[in-house]
Each structure stands twice: as C-alpha cells, then as structure tokens.
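S.K.: One structure coming up, written as structure tokens, with questions to follow.
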Amino acid sequence: MTTIKYKRILLKISGEVLMGAQHYGIDLATVGRMADEIKAVREAGAQVALVIGGGNIFRGLAGAAKGMDRVSADHMGIMATVMNALAMQGVLQSKGIEARMMSAIAMPTVCETYSARQGVYHLEQGRVVICAAGTGLPFFTTDTGAALRAAELRCEALFKGTSVDGIYSADPKKDTKAKRYDRISFDDILKNDLHIMDPAAITLARDNDIPVVVFSIREVGNVAKVLSGHGLFTVVEKE
C-alpha cells in the first residue's frame, strides 16, 4: 500500500484547469480527469476537500477592471465557482465517488449550506467535500477561501494545483534563470512577493500551521504521486 504523508487534504484547483483545451467554459473530459485524480487520492487513503476557482467562466477582478461594480463582479465570480462545483459533483458521482457540494451562500434547492461541522462529518464518512462559493463574500479570492476551509475542516495540508511544477523565484516561462524551490517558508513567500497565492491566503495558512504543497495539476496522476512524496513539488511551511 502506498504511504501517504497527509490523511486529510484540501485540494485547490483553478477554474481555468476545467477548460481543458477550450478557451472558455467547462470541458467535461477534463473534469473527468480531475475526478480520476481525486479518486486515486481517496483510494490511497486520504480524505479530500475541494475548492475550485471560477476563472473559466467569470473572474470578478476582470469584470471590475472593465467598469463593473466590484461587489457585483465578485458575486458573479462566486456563482461561477458554484457551476464548476456542480459539474465536479456530478462527474464524481457518475464514477461512483460519493461527494457533497456545500455552498458558502445558502441555496438549499441546489446543495447543502456550508458548515465546518457537517463538512468534517462528510469527510469522516469517506465523502469528497466540494466547497463552493468561496467565502461567500466579495473582495476575497478562492485561494483565501481554500485556506479558510482547510483550517475549518482541520486539513493537514493545502494542495495547490498549478500549471508549473512548484514555486520559482520568477516566472520560469519568462526567466530561464528562475530558481526553483523544494521548500520555502511562508515568510519568504510574503517577503519576496511571490504570487503563488494571495497574501491573505498565505498568512491564514501560516497562522494555522497548514503546509501548502504547490505542484503541477497538468501532469496526469500527479495529485496521488505528490501525496506519496514523489515527483516535483514545493512545500511552503513555517521556518
């Protein structure tokens, strides 16, 4: 049996991942691959909570930059995360993986309203918990929502799936001399203004002693591989 370091994780993926090769929206084949990744993690013995961004459908900051009211734009982004969560829940269940979507904004005809106690219960029952609608508030990113849910659900780590294989000193796509880190402290992330997550999310994870594991979600099978300590990834933790 594969040895895993963390028994309960919060997996954060961007909405853009769900686009696959498309330029917009939800590619169900890609959602299916993500569901397979989650299934592999469950079979390895870990409990999984999930937060998905909404940038494949609408990004609040982009809307605000074009003249929309920021609160309205952020609420639209929040609704986009709900659509992504519904898609993921449906595909997980079609693969025989029991999942519960919980929204920070009450919508009882659609899903359960989020509560930490009920979320922990579902995790302990072996269900995947999909946390939708971010924090339910404008001006907060889904990264901050992910760090908050990781703390509330007593997760042992926050897994941040990105397009690169860890954290670099600069954008490796633009700077060939960028240094890659295997480990880095929360304080160094903030001091060097490395944009892997927003500062509020990094601070929340640091203050609750939740390591952040940054890895490429684009590589098939990588979530379970990283969970077992293999492959390339960066761990952000206290000094």
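S.K.: So, Asp171, is that one out of contact with any helix residue (DSSP H, G or I) (no Cβ under 9 Å at 6 or more places or on another chain), farther than 25 Å from Val120 by Cα, modelled with pLDDT of 95 or more and among the charged types (D, E, K, R) or not?
M.R.: Details: out of contact with any helix residue (DSSP H, G or I) (no Cβ under 9 Å at 6 or more places or on another chain): yes; farther than 25 Å from Val120 by Cα: yes; modelled with pLDDT of 95 or more: no; among the charged types (D, E, K, R): yes.
So Asp171 fails the test.
S.K.: Say whether the condition of being more than 16 Å from the chain's Cα centre (by Cα), part of a helix (DSSP H, G or I), at pLDDT 95 or above and hydroxyl-bearing (Ser, Thr, Tyr) is met by at least one residue in region 90-104.
M.R.: Among the residues of region 90-104, at least one is more than 16 Å from the chain's Cα centre (by Cα), part of a helix (DSSP H, G or I), at pLDDT 95 or above and hydroxyl-bearing (Ser, Thr, Tyr), which makes the answer yes.
S.K.: Check Ala157, Ala62, Ala133 and return the single one that is crowded, with 20+ Cβ neighbours inside 10 Å, hydrophobic (A, V, I, L, M, F, W, C) and within 27 Å of Asp27 (Cβ to Cβ).
M.R.: Of Ala157, Ala62, Ala133, the one residue that is crowded, with 20+ Cβ neighbours inside 10 Å, hydrophobic (A, V, I, L, M, F, W, C) and within 27 Å of Asp27 (Cβ to Cβ) is Ala133.
S.K.: Give the residues of region 185-239 that are assigned to a loop (DSSP other than H, G, I, E, B) and among the hydrophobic types (A, V, I, L, M, F, W, C), sorted by residue number.
M.R.: Step one: of region 185-239, the residues assigned to a loop (DSSP other than H, G, I, E, B) are 192-198, 208-211, 217-221, 228-233, 238-239.
Result: Leu194, Ile196, Met197, Ile210, Ile217, Val220, Leu232, Phe233.
S.K.: I'd like to verify a number: residues in region 1-30 that are touching a strand residue (DSSP E or B) at 6+ places or on another chain (Cβ under 7 Å) and part of a loop (DSSP other than H, G, I, E, B), how many?
M.R.: Summing the residues that are touching a strand residue (DSSP E or B) at 6+ places or on another chain (Cβ under 7 Å) and part of a loop (DSSP other than H, G, I, E, B) in region 1-30 gives 2.
S.K.: If a residue has to be at pLDDT 95 or above, surrounded by fewer than 19 Cβ atoms within 10 Å (Cβ to Cβ) and not small (Gly, Ala, Ser) to count, how many in region 182-193 make the cut?
M.R.: First, pick out the residues of region 182-193 that are at pLDDT 95 or above: 182-191.
Checking the rest, the ones that are also surrounded by fewer than 19 Cβ atoms within 10 Å (Cβ to Cβ) come to 182-183, 185, 187-188, 190-191.
Among the residues that remain, those that are also not small (Gly, Ala, Ser) are: 182-183, 187-188, 190-191.
Qualifying residue count for the region: 6.
S.K.: Looking at region 27-35, can you tell me whether even one residue there is among the acidic types (Asp, Glu), without any contact (Cβ under 8 Å) to a residue 12 or more places away in the chain and farther than 19 Å from Ala146 by Cβ?
M.R.: So far as region 27-35 goes, yes, one or more of its residues are among the acidic types (Asp, Glu), without any contact (Cβ under 8 Å) to a residue 12 or more places away in the chain and farther than 19 Å from Ala146 by Cβ.
S.K.: I would also like to ask the following. What is the number of the single condition among (1) without any contact (Cβ under 8 Å) to a residue 60 or more places away in the chain; (2) not in a helix (DSSP H, G or I) that Leu61 does not meet?
M.R.: For Leu61, the failing item is (2).
S.K.: Now for a separate question. Since Ala146 meets every condition but one in (1) in a helix (DSSP H, G or I); (2) among the small types (Gly, Ala, Ser); (3) more than 21 Å from Arg218 (Cα to Cα), which condition does it not meet?
M.R.: Of (1) in a helix (DSSP H, G or I); (2) among the small types (Gly, Ala, Ser); (3) more than 21 Å from Arg218 (Cα to Cα), only one is false for Ala146: (3).
S.K.: Right, something else. Among the residues of region 110-143, count how many are on the phi < 0 side of the Ramachandran plot, aromatic (Phe, Trp, Tyr) and assigned to a loop (DSSP other than H, G, I, E, B).
M.R.: 2
S.K.: A further question follows. Go through region 200-223 and give me each residue that's among the small types (Gly, Ala, Ser), closer than 11 Å to Ala151 by Cβ and surrounded by fewer than 22 Cβ atoms within 10 Å (Cβ to Cβ).
M.R.: Across region 200-223, there are no qualifying residues.
S.K.: Answer yes or no: is there a residue in region 149-170 that is among the aromatic types (Phe, Trp, Tyr), over 14 Å from the mean Cα position of the chain (by Cα) and closer than 23 Å to Val17 by Cα. Don't jump to the end; show me each part of the working.
M.R.: At the first step, the residues of region 149-170 found to be among the aromatic types (Phe, Trp, Tyr) are 159, 168.
Now restrict to residues that are over 14 Å from the mean Cα position of the chain (by Cα): 168.
Checking the rest, the ones that are also closer than 23 Å to Val17 by Cα come to 168.
Yes: region 149-170 contains one or more residues that are among the aromatic types (Phe, Trp, Tyr), over 14 Å from the mean Cα position of the chain (by Cα) and closer than 23 Å to Val17 by Cα.
S.K.: State the number of residues belonging to region 91-132 that are farther than 23 Å from Lys7 by Cβ and of a type in the set (Gly, Ala, Ser).
M.R.: Qualifying residue count, region 91-132: 5.
S.K.: Taking into account only those residues within region 102-149 that are free of Cβ contacts under 8 Å to residues at least 40 places away in the same chain and hydroxyl-bearing (Ser, Thr, Tyr), which is nearest to Ile196 (Cα to Cα)?
M.R.: It comes out as Thr135.
The values are calculated or read from the model by the stated rules, or taken from the named source; none is laboratory data. A quick note: this is a predicted structure, and the numbers were derived from the prediction, not measured. Quick reminder, even Gly has a Cβ in these numbers, built from the backbone with ideal geometry, and neighbours come from all protein chains shown.
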